[in-house]
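Visitor: Have a look at this one.
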Amino acid sequence: MTGADAAHALGPATRTRFAPAPTGFLHLGHVANAIHVWGAARATGAAVLLRIEDHDRVRSRPEYDAGLLEDLAWLGFEADEGPVRQSDPDARHAYTEALERLRADGRVYGCDCTRSTFAAWSAARGRSWTGIGCPGGCRERGLDGPVLRVALGGGSETWMDGLVGPCADDVAPHGDLVARDRHGDWSYGFCVVVDDLRQGVDLVVRGRDLLHATPAQIRLATRLGRATPPTYLHHRLIRRPDGSKLSKSSGDTGVRDLRASGHSAEAVIGMAATAVGDVGDVGAITGGSAGRGR
Ligand SMILES: [Zn+2]
């Protein structure tokens, strides 16, 4: 089944998002994700929102931000809405407001655990830290920071993934969700839930490397008052022949490197589609016919 077929089977949707982080240039992994996102949007009638996920203020760079917009345009993927950014004032206000709501519910606590706290816990017990909370028992200590965690509760969440099938996993297998890190940056797992809720995103199409993050995101959304979680489609990832993940620094899969070496946009999209599989008819997705056909 293709991503578009899977999305179609799950019924109509209002809005999905393509959400790259400007911490590197676009590579074939992003292209594969874009094929799935625009394909699912077409199948469900959803609009595509372009959301630049620049929550990490240290690693995000303006040149990457500009570069990914340029590469997307060259490839022919046209978003219906955006770009919006996680650094926008209204976004930062929304994260603060969400955190304060959770704090009012008694769910936010400061944590001063470091790698060595986790290592000491493991050394004493002969296994890795697992479960809710944190190894330092920080929720009971009344700290202000430096890390802020959200106690989402234990147990698991279940969902029907459009491409993976029925899923169930622990909400906090490696401790409570980090909402803000020790540098004062909002975390990926916190931002996307607040964003998807406030932006009306009801279809999430992303790679399977993020499957493990889904239970905590479903639970956090519920804690923030979301009545129905988004529909999820987690597609396969492009791997190197040796099975390793593509990295943003690897020039042989970078869109602008392929472009510089004379590849056409169609050829680059074809390479990504072939590598990831299960994407259906990619020829109809780009060139301005994406999303709702605008
Ligand atoms: Zn802690």
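Visitor: Would you mind stating whether Asp209 is over 14 Å from the mean Cα position of the chain (by Cα), free of Cβ contacts under 8 Å to residues at least 60 places away in the same chain and surrounded by fewer than 22 Cβ atoms within 10 Å (Cβ to Cβ)?
Guide: Working: over 14 Å from the mean Cα position of the chain (by Cα): no; free of Cβ contacts under 8 Å to residues at least 60 places away in the same chain: yes; surrounded by fewer than 22 Cβ atoms within 10 Å (Cβ to Cβ): yes.
No.
Visitor: Here are Arg15, Arg57, Arg61: which of them is of a type in the set (D, E, K, R), open to solvent by 20 Å² or more (accessible area, probe 1.4 Å) and in contact with a Gly (Cβ under 7 Å, 6 or more places away or on another chain)?
Guide: On the way: Arg57 fails: in contact with a Gly (Cβ under 7 Å, 6 or more places away or on another chain); Arg61 fails: in contact with a Gly (Cβ under 7 Å, 6 or more places away or on another chain).
Residue meeting the stated conditions: Arg15.
Visitor: Any residue at all in the range 101-111 that is farther than 14 Å from Val178 by Cα and within 14 Å of the ligand (Cβ to nearest atom)? Lay out the reasoning, then the answer.
Guide: Step one: filter the range 101-111 for residues farther than 14 Å from Val178 by Cα, giving 101, 104-106.
The next check asks that each one be within 14 Å of the ligand (Cβ to nearest atom); those that pass are none.
Scanning the range 101-111, I find no residue that is farther than 14 Å from Val178 by Cα and within 14 Å of the ligand (Cβ to nearest atom), so the answer is no.
Visitor: Could you tell me how many of the residues in the range 107-123 are outside any strand (DSSP E or B) and touching a residue at least 24 places away in the same chain (Cβ under 8 Å)?
Guide: 3
Visitor: Looking at the range 134-154, which of the residues that are surrounded by fewer than 19 Cβ atoms within 10 Å (Cβ to Cβ) and of a type in the set (D, E, K, R) is farthest from the ligand (Cβ to nearest atom)?
Guide: Asp144
Residues are listed down the side, and each one gets a yes or a no for (1) open to solvent by 40 Å² or more (accessible area, probe 1.4 Å); (2) modelled with pLDDT under 95:
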site	(1), (2)
Arg42	yes, yes
Leu69	yes, no
Leu75	no, no
Glu78	yes, no
Ala91	no, no
Ala98	no, no
Ala120	yes, yes
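Visitor: Kindly establish whether Ala21 is closer than 22 Å to Ala265 by Cα, out of contact with any Leu (no Cβ under 8 Å at 6 or more places or on another chain), among the aliphatic types (A, V, I, L, M) and surrounded by fewer than 24 Cβ atoms within 10 Å (Cβ to Cβ). Give the derivation first.
Guide: Working: closer than 22 Å to Ala265 by Cα: yes; out of contact with any Leu (no Cβ under 8 Å at 6 or more places or on another chain): yes; among the aliphatic types (A, V, I, L, M): yes; surrounded by fewer than 24 Cβ atoms within 10 Å (Cβ to Cβ): yes.
Criteria met by Ala21.
Visitor: Still on this structure: Out of (1) within 14 Å of the ligand (Cβ to nearest atom); (2) without any contact (Cβ under 8 Å) to a residue 40 or more places away in the chain, the odd one out for Gly131 is which?
Guide: Unmet condition: (2).
The values are calculated or read from the model by the stated rules, or taken from the named source; none is laboratory data. Bear in mind the structure is a predicted one, so any value in this text is a computation, not a measurement. Note: ideal-geometry Cβ built from the backbone for every residue, glycine included; neighbour counts use all protein chains shown. Calculation scope for accessible area: heavy atoms of the full protein, side chains included, ligands and nucleic acids excluded. Shrake-Rupley method; radii C 1.70, N 1.55, O 1.52, S 1.80 Å.
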